[in-house]
Amino acid sequence: MGNGEYTVGIYKKSDGNKYKLLTSSKVHIDSNKNAVFLASVQNVHWTSNSKAAILAKELTKNTKTDREKVEIIYDYIIDNVSYDYEKANNVSSKYLPSTSLTLSSEKGICYDYASLFAVMLRSINIPTKLIHGDSNFTSAYHAWNEVLVENEWIVVDTTVDASLKSEGLKVSFEKQSSDYNVKMVF
């Protein structure tokens, strides 16, 4: 299935393997395959009134392009959120991130960073994936993002860059997809 015109019918079983058409209607489908990466879901949860959404709008109010918005939010996160090593050592496999807690504590694990970045960008209408998998930058299972900028999905890893920046090392906004092995996409 894809974009196009479809006829949808409702049938009632009449005899054995026979069905009788009760009603039908034509529908036109014009889907946006990236709409799912704008939605609030369990691990990228937000509302228009959430702290992260309000902050995203405030930070980007004077920007013109999506790239500017993405870079401003990226800079905010890598400058204001520190890695929480204690949480990383004690986190359960059923853990779900809380962006309000990440913002108030100013710390988190990779899942928190990636969720916060996705929430802030989705809330300002920029399709963003939260991804789980493996990375050449860490030996542990990892979370990062892909963001749709100028019709191209780019890899962004705020966790790695926040750590590098805190150590006074140079960071690179866009990462090479070859450094990441995707296991799950949200």
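On the given criteria, is Glu150 touching a Ser or Thr at 6+ places or on another chain (Cβ under 9 Å), under 19 Å from Leu38 (Cβ atoms) and surrounded by fewer than 22 Cβ atoms within 10 Å (Cβ to Cβ)? Yes; evaluated as a whole, the condition is true for this residue.
Per the listing Ser50, Ser105, the residue uniquely polar (S, T, N, Q), under 24 Å from Asp157 (Cα atoms), surrounded by 11 or more Cβ atoms within 10 Å (Cβ to Cβ) and touching a helix residue (DSSP H, G or I) at 6+ places or on another chain (Cβ under 8 Å) is Ser50. Figure legend. Inter-residue proximity from the range 89-101: first residues closer than 16 Å to Leu130 by Cβ and touching a residue at least 24 places away in the same chain (Cβ under 8 Å), second residues assigned to a helix (DSSP H, G or I) and of a type in the set (Val, Ile, Thr), beta-carbon distance below 9 Å, spacing 6+ or different chains. Indicated pairs: Pro97/Val119; Thr99/Val119.
What pairs can you find where one residue is in the range 169-183 and in the same structural domain as Val155 (by TED's automatic domain parsing), the other is part of a loop (DSSP other than H, G, I, E, B), and their Cβ atoms are less than 6 Å apart, with a gap of 6+ or different chains? Here the result reads Lys175/Asp157; Asp179/Asn136, each pair linking the range 169-183 to a residue that is part of a loop (DSSP other than H, G, I, E, B). The single condition among (1) within 26 Å of Met184 (Cα to Cα); (2) more than 15 Å from the chain's Cα centre (by Cα); (3) buried (at least 16 other Cβ atoms within 10 Å of the Cβ); (4) touching a residue at least 24 places away in the same chain (Cβ under 8 Å) that Asp75 does not satisfy is (4).
As a summary of the residue check, Tyr11 satisfies the conditions (1) in a strand (DSSP E or B); (2) surrounded by fewer than 10 Cβ atoms within 10 Å (Cβ to Cβ) except for the one numbered (2).
In the range 59-70, what count of residues is obtained for those that are assigned to a helix (DSSP H, G or I) and surrounded by 18 or more Cβ atoms within 10 Å (Cβ to Cβ)?
The qualifying residues number 3.
The values are calculated or read from the model by the stated rules, or taken from the named source; none is laboratory data. Computed from a predicted model, the values in this text were never measured in an experiment. Positions of Cβ are generated from backbone atoms using ideal geometry, with glycine treated the same way; all protein chains shown enter the neighbour counts.
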